[in-house]
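The values are calculated or read from the model by the stated rules, or taken from the named source; none is laboratory data. Note that this is a predicted model, so its numbers are computed, not measured. We place every Cβ from the backbone using ideal geometry, glycine too, and count neighbours over all the protein chains shown. For the accessible areas, the whole protein counts, side chains as well, though only heavy atoms, and no ligand, DNA or RNA atoms are used. Shrake-Rupley method; radii C 1.70, N 1.55, O 1.52, S 1.80 Å.
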Amino acid sequence: MIPAVMPTYARADIAFSHGEGVYLIDSDEGRRYLDFCAGIAVNSLGHAHPHLVEMVTQQVAKLWHTSNLYHIPEQERLAERLVEHSFADTVFFCNSGAEAVEGGIKLIRRYHSAGESPERWRIITCADSFHGRTLATLAAAKNPKHTDGFGPMTDGFDQVPFGNLNELRAAITPETAAILVEPVQGEGGMNTPDIQYLQGLRATADEFGLLLFLDEVQSGVGRTGKLWAYEWGGIEPDVVAIAKGIGGGIPIGAVMATEEAARGMTAGLHGSTFGGNQLAMAASHAVLDILLADGFLDQIDAVARDLQLKLDGLVKSHPDVFECWRGMGLMLGLKCVVPNLEMMTRLREAGLLTVVAADNVLRLLPPLTIEQAHVDEAMAILDRVASEWTSDGG
Ligand code: PLP
């Protein structure tokens, strides 16, 4: 018999009753787990962060939804903060990453159809990308594991290898409208390009009159040690999709764009019933309060560099278990020699929560609030599990 919850996930046999900072506590035995998954890069402030709890609780007691039929001052203020701290001039709020990418795709099509080049509607995307599970975002990523049986696919996406500017340039036609890329590919295996790639994307977009659309759903909001991953390349994109960490666990997504890129978006052209409601805005304000506090991003960068140094040591000590690490900031992946799913299970049994990605990678996505002691605890578990693996002969 089909379970009451539609069986679309392969869930681990565990549930949690509550969380405390970087730890989750299970419902059965009250065991504490160090959470280096953070709801897949969502719980940016960890669990039950006092400022987030206070802001959300205060808002819930007052008002949490009115709809975009009316002004929402908290939404206007959040948009202003995002504009102040990014390349963007304007922001559209929705509820998830896929919806943000989908909104960006619509904005790109309108940009050209409202301008002089309505023939430009195709978007160049990258192999091994992930942009969500709606029909257009599936079509953008073209991953057969996700698209099989869901055809026909939405047209308008041309795919090239990630990190290769020559192939990207060769794929541009008079119908090309934009380039859509994750600055660091998350689900695809924490694939991290060099900085020149981001700069090359910007230069290519400028040369051919294309919009540069970055999917920062996973890499944004401090995850890489800067507020936005594009900052590492010293470039400014035209459109960026964000979600995950910006709400700290309350569903929120956003499309950020320059005034020029958003020129086609006028009243009635796009919308979302829940997008930008007071509850989601309170959570995002709380996340930004912490992230933008003096020194917080530098602290992420410092902890991340220490973690990366220790991952170097781990890989060197266990070459039969881990091949290498990759990623940026606290968006890190260990490419495993052993099966990544089995490694994730053994780590969970040892008290460390992680999440897998493609290419046999195990992702480490801790809350951005982790401290040195948490890094040391995670490394001790990783080292122990890897040693046990080798000593049992797998
Ligand atoms: N884009 C990227 C880069 C992602 O990592 C994800 C989710 O993992 C999405 C889009 C889709 O986000 P959501 O699951 O919130 O729709």
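Note on ASN164 and HIS71: with the Förster distance fixed at 35 Å, the Cβ-Cβ geometry gives a FRET efficiency of about 0.15.
With the Cα gyration tensor of the range 84-223 giving a ≥ b ≥ c as the square roots of its eigenvalues, does the rule (a/c under 1.5 for rounded; else a/b larger than b/c for prolate; else oblate) give rounded, prolate or oblate? Note, shape of the range 84-223 comes out rounded.
Just check the range 248-394 against the gyration tensor rule for me: Cα atoms, a ≥ b ≥ c as the square roots of the eigenvalues, rounded for a/c under 1.5, and otherwise prolate or oblate depending on whether a/b exceeds b/c. Prolate.
May I ask you to compute the full-extension gain from ASP148 to THR345, defined as 0.36 nm times their residue separation minus their alpha-carbon distance, rounded to one decimal in nm?
On the way: separation 197, 0.36 × 197 = 70.92 nm, distance 2.76 nm.
Stretched fully, the ASP148-THR345 segment lengthens by 68.2 nm.
Here the sum of -39500 (n - 2.57) over DSSP H runs of 4 or more residues, divided by the residues of the chain, equals -11500 deg cm²/dmol at 222 nm, to the nearest 500.
In whole percent, what relative contact order does the range 111-217 give with Cα contacts below 8 Å and a gap of six or more residues? Provide the component values of the computation, followed by the final result.
Details: 169 pairs, mean separation 31.0, N = 107.
Normalised by residue count, the contact order of the range 111-217 is 29 percent.
In the range 280-355, a dipole from Cβ-located charges (positive for Lys and Arg, negative for Asp and Glu) runs towards its positive end, and of MET344, ALA283, VAL303 it is MET344 whose Cα lies farthest in that direction. The DSSP beta bridges internal to the chain are antiparallel in roughly 65% of cases.
Among VAL315, VAL217, VAL240, the residue with the largest mean-square fluctuation in a Gaussian network model of the chain, with springs joining Cα atoms closer than 10 Å, is VAL315. The residues of the range 1-94 present an accessible area of 64 Å² per residue when probed at 1.4 Å with all protein chains retained. Think of the chain as having a plus end and a minus end, set by charges on the Cβ of Lys, Arg, Asp and Glu; of ALA254, PRO152, SER129, PRO152 sits farthest toward the positive end of this dipole. Given 20 °C and 1.002 mPa s, compute D for the range 20-97 with the Stokes-Einstein relation, Rh being the Kirkwood radius over Cα pairs; round to the nearest whole µm²/s. Using the Kirkwood radius from Cα pairs, D works out to 138 µm²/s.
Applying 1/(1 + (r/R0)^6) with R0 = 41 Å to the Cβ-Cβ distance of VAL83 and ASP320, what FRET efficiency is obtained, to the nearest 0.05?
For R0 = 41 Å, the calculated efficiency reads 0.25.
The dipole here belongs to the range 124-216: it is taken about the Cα centre, uses +1 on the Cβ of Lys and Arg and -1 on the Cβ of Asp and Glu, and is about 120 debye. Measure up LYS226/LYS310; LYS106/LYS145; LYS310/LYS335; LYS62/LYS226 against 23 Å on the Cα-Cα distance and list the ones that go over. Going by Cα-Cα distance, LYS106/LYS145; LYS62/LYS226 fall outside the 23 Å limit. Taken about its Cα centre, the chain carries a charge dipole of roughly 600 debye when the Cβ of each Lys and Arg holds +1 and the Cβ of each Asp and Glu holds -1. Seen from all directions on average, the range 298-354 presents a Cα convex hull projection of 4.0 nm².
Distance from the Cα centroid of the range 39-74 to that of the range 189-266 is 24 Å (rounded to whole angstrom).
In this rough spin-label picture, where each label sits 7 Å from Cα along the Cβ direction, the ASP289-ARG11 distance is 3.2 nm. Proximity of backbone amide H atoms, modeled 1.01 Å from N, is registered between ASP158 and ILE123, ILE124, THR125 at under 5 Å, excluding neighbours fewer than 5 places apart on the same chain. When the Cα positions of LEU212, GLN185, GLY233 are compared along the charge dipole of the range 115-241, GLN185 comes out farthest toward the positive end, with charges on each C-beta of Lys, Arg, Asp and Glu. Here the gap between GLU236 and LEU309, fully extended at 0.36 nm per residue and compared with their Cα-Cα distance, gives a gain of 23.3 nm.
According to the square roots a ≥ b ≥ c of the eigenvalues of the Cα gyration tensor, what is the shape class of the range 130-207, taking rounded for a/c under 1.5, prolate for a/b larger than b/c otherwise, and oblate for the remainder? The shape class here is oblate. Simple spin-label estimate for ALA373 and GLU20 gives 1.1 nm between the two label positions (7 Å along the Cα-to-Cβ direction from each Cα). Of the listed residues TYR230, TYR23, TYR9, the order by accessible area with a 1.4 Å probe, largest first, is TYR9, TYR23, TYR230. Around the Cα centre of the range 160-310, unit charges on the Cβ atoms of Lys, Arg, Asp and Glu (plus for the first two, minus for the last two) sum to a dipole of about 300 debye.
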